[in-house]
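Nothing in this text is a laboratory measurement; each read-out follows from the coordinates by a stated rule. None of these values were measured; they are calculated from a predicted model. We place every Cβ from the backbone using ideal geometry, glycine too, and count neighbours over all the protein chains shown.
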Amino acid sequence: MAHGPTGRPLLAALTLAALAATAACSAPGGNSDTTGANASAPAVAAATCGTAPVTLKGYFETGFPLPKDLSAEFTKQFPNVKWDIREDQFAVITQNAPRVLADDPPDLMRLPQVSELVKDGLLKNLDGYAQGTGWDKWPASQLEQMRVGASGQRGDGPLYAMGLNFSMTGLFYNKKLASQIGMTQQPATLADLDAALQKAKDAGITPIDQFNGGATGGLAFPLQNLMTAYGEPGPINDWIFQKPGATIDTPTNLQAVQHLDKWIKAGYFAKDINSQDYATMMSRFIGGKALFMFNGDWESGNLDKQMAGNAGFLLMPPAQAGGKQAAMSAPLTYGISSKAKNADCAAFFLNWVATNQQARDIAVKVGGSHPMGPADAYMPAVQEGTVTASTLAAGATIGKDNGAMDFIANATGAIYAKGWTPQLQKLAAGQQTPDGLLKSVQKDYETQVKN
Amino acid sequence: MSAPVTGRRARRARRPRAVWLGWLFAAPAIVMYGTFVLRPLLLTVQYSLYDWNGIGPSTWVGLDNYRRLLTDSELFATIVHAFELIVFFSFVPVLLGLFVAATIRNIAASRLATVARTVLFLPQVIPLVAAGIMWSWLLSSTGLANELLSAVGLDSITRAWLGEFDTALPAVGVIGAWVLVGLCTLLLLAGMSKIDPALYEAARLDGAGPIREFFSITLPSLRQEIGVCVTVTVIAALASFDIVYIATQGGPGNSTMVPGLEIYYLAFSEREVGMASALAVALVLLVLAVVLPIQRLTRDGSR
């Protein structure tokens, strides 16, 4: 055949070339229109949902009933508002966020770390709503994690997200096991905590169970708590907010990693933490297999139900008795897409969540965490002796000591998966030194911030 | 096409139309192939030359991404891990498959052969995600693997197999071997059934035992099938993703990070679409570089 041996490759080459030409004619990515989203927002006096039927498009996190319960209550009070809700796991939301916000903009969405989304102009500037509703009069610390400046550093600048409530982290403990080892009162200093851990170990009880497997380095929880026992929360927040020149490799942080290393070498953690996921940790702790677990108050409601009366909570004790305390505390962030159709209604909902009495009840009872809003706002009554009561009380202590911090895993979009997690897993396996860990994370951080 | 073709002239005259018709029939497939295979492939090559976060504007960086690939020890380590997995995904299933297939063939008549074939092929039917979840339970610190070891007095070596630096990659490899043994066995069995029984009979008359038969007749006759097995399993090892993603997500401490997973993390977690594309292109070239010689080696002999 005439076109046999030479004709076919030629044709294939031509097709390929044609395709290549179509593909290569333009650089990927749009010249994203960041000006519209980042422009200063005028005050919106009265954002409402109106009276005409509205369908709010929501993108929520699977496994946490709070946003759905709130949206149901909202529809009860404002029957013209219906919901179109999509749910995913947080990891999936993190990976999808930019694309979803760009292509299929929701009115209301659970957000991961916001600075990169803001840089791409994907989130609505909420300053106008903040002025209109008075959010700017709330305690500033509630909102600062969601403020993003022009260069992408957080802590300052326009507001790009809002919380449904804000969470508090610390140490949960099993009261029955605590009395078994003679821990009659909560440790008041780091030394007390060390002693309790040793006693548990001697009694054959796993002192701390912590997830640290796969892509989730849960040792970041005790580590950041130890950092605040040795140092101040301010510089840690600066690092998380990407303030220029900030470093995680400081002398007090080194002491903290060394202390964590001491705990690991002393066998205070379960032996298999490097293969443990979050769910395994929870089921072991609830099953009474460990004395302590570092976690957050999003589990308070759950623990009050599953370990009724047997779970306690304390903030990380300071190095010196009576010292100031600090904790990771972050709002459960929801944002509005810069292309949202019903932005006003979504903003009205966010304001309603913080100010409506029923909504605040739900935020505490279902969410287990402190509602957003002014310091003197209505607080639902909580039963004495429950974990929820102690986590809410801890929130007051942190407020007094000005000790709220964001989570070191939130410094950049990838620092958790690519920096903290592998390094903490190496530390747990004795394959990394405390000094090497901080240096390596700092190096990753600098590359990622530069990008 | 149905009209009878008579004589040279008639055939000549008809050719243009026939060619045109041929392309018409092939068109749907070509369009699909172009849209879903060639276009993404070319776009990946294009993206690999840019620094792009997937949303915002992109910057042309030429071959910088490829340069980083060669100098970044972390990225390079993923490729080394992929080659280590070849031992488990390829060598073990092929060798074990040969042994099992030969055994099954010897008992071909019995019902046990059918049962064995089905059981061995089952892992191919189970989705890899399910296999990964099942094995991560079996290999957990309280899983069946450790319970069996304890039962026979080997408490000292029980551990969280997927959670320790030294054992995580081999443990992932074992899962892959389990999945692929069935495929290899079935392919090799099919190959064995094509071997002329007269060859075996002749060998037996010459006084050959079963081992001699295997090496002198079975093995050489299976050259092509072995080639297919090795090719498919080597690709599975180099391009592995599902099993690793489910079982370890690359942990602990990157000890099971493979190129497929790294591409995914780069693109969707670090949002470095350019770098992810460069690694993807490198992976394609690597797979071709490994697989083409294997194809050549196993095909030439049979001609």
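What the table shows:
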| read-out | value |
| --- | --- |
| Nonlocal amide H pairs with A:Leu123, under 5 Å, H built at 1.01 Å | A:Ser338 |
| Degrees, to the nearest 10: A:387-401 long Cα axis against longest axis of chain A | 80 |
| Whole-Å semi-axes of region B:182-255's equivalent ellipsoid (Cα gyration tensor) | 39, 12, 9 |
| Surrounding net charge for A:Gln89, when Lys and Arg each add one and Asp and Glu each subtract one, Cβ distance under 14 Å | -2 |
| Hull volume in cubic angstrom per residue (convex hull over the Cα atoms of the protein assembly as shown) | 228 |
| Estimated D of chain A in µm² per second, where Rh is the Kirkwood radius over Cα pairs and Stokes-Einstein applies at 4 °C, 1.567 mPa s | 55 |
| Residue-span extension gain [B:Lys194 to B:Ser150] - 0.36 nm each, minus C-alpha spacing | 11.3 nm |
| Sequence-distant residues sharing a close amide H with B:Tyr50 (under 5 Å, placed H) | B:Val61 |
| Sum of -39500 (n - 2.57) over DSSP H runs of 4+, divided by residues of the protein assembly as shown (222 nm, nearest 500) | -16500 deg cm²/dmol |
| Per-residue ³J(HN,Hα) for region A:244-256, Karplus 6.51 cos²θ - 1.76 cosθ + 1.60, θ = phi - 60°, Hz, x for Gly and Pro | x, x, 5, 9, 8, 8, 10, x, 5, 5, 4, 4, 5 |
| Sorted by Cβ density within 10 Å, fewest first, the residues B:Ser141, B:Ser110, B:Ser73 | B:Ser73, B:Ser110, B:Ser141 |
| Computed Rg/Rh of region B:197-303, alpha carbon atoms with Kirkwood Rh | 1.24 |
| Trypsin sites (Lys or Arg not before Pro) within region A:62-108: DSSP coil, no more than 10 neighbouring Cβ in 10 Å | none |
| Derived scalar couplings ³J(HN,Hα) [region B:262-279; Karplus, 6.51 cos²θ - 1.76 cosθ + 1.60; whole Hz; x for Gly, Pro] | 5, 4, 5, 5, 4, 6, 9, 9, 8, 6, 10, 4, x, 5, 4, 5, 4, 5 |
| Degrees between helix A:90-103 axis and first principal axis of chain A (Cα, 0 to 90, nearest 10) | 30 |
| Derived scalar couplings ³J(HN,Hα) [region A:226-234; Karplus, 6.51 cos²θ - 1.76 cosθ + 1.60; whole Hz; x for Gly, Pro] | 5, 4, 7, 5, 8, x, 9, x, x |
| Proximal aspartates and glutamates to A:Lys341, defined as alpha-carbon separation beneath 14 angstrom and excluding residues fewer than eight positions away on the same chain | A:Asp84, A:Asp103, A:Asp104, A:Asp107 |
| Cα gyration tensor, chain B - rounded (a/c under 1.5), prolate or oblate | oblate |
| Residue among B:Val94, B:Val181, B:Val228 with the largest mean-square fluctuation in a Gaussian network model of chain B, springs linking Cα atoms under 10 Å | B:Val228 |
| Residue exposure sequence - B:Phe25, A:Phe172, A:Phe241 - by fewest surrounding Cβ within 10 Å | B:Phe25, A:Phe241, A:Phe172 |
| Pairs beyond 18 Å (Cα-Cα), from A:Lys199/A:Lys265; A:Lys324/A:Lys400; A:Lys201/A:Lys262; A:Lys262/A:Lys443; A:Lys201/A:Lys305; A:Lys243/A:Lys450 | A:Lys262/A:Lys443; A:Lys201/A:Lys305 |
| Sorted by Cβ density within 10 Å, fewest first, the residues A:Met146, A:Met379, A:Met109, B:Met32 | B:Met32, A:Met379, A:Met146, A:Met109 |
| Number of Lys pairs (Cα under 24 Å; 8 or more positions apart or on different chains) in region A:57-174 | 10 |
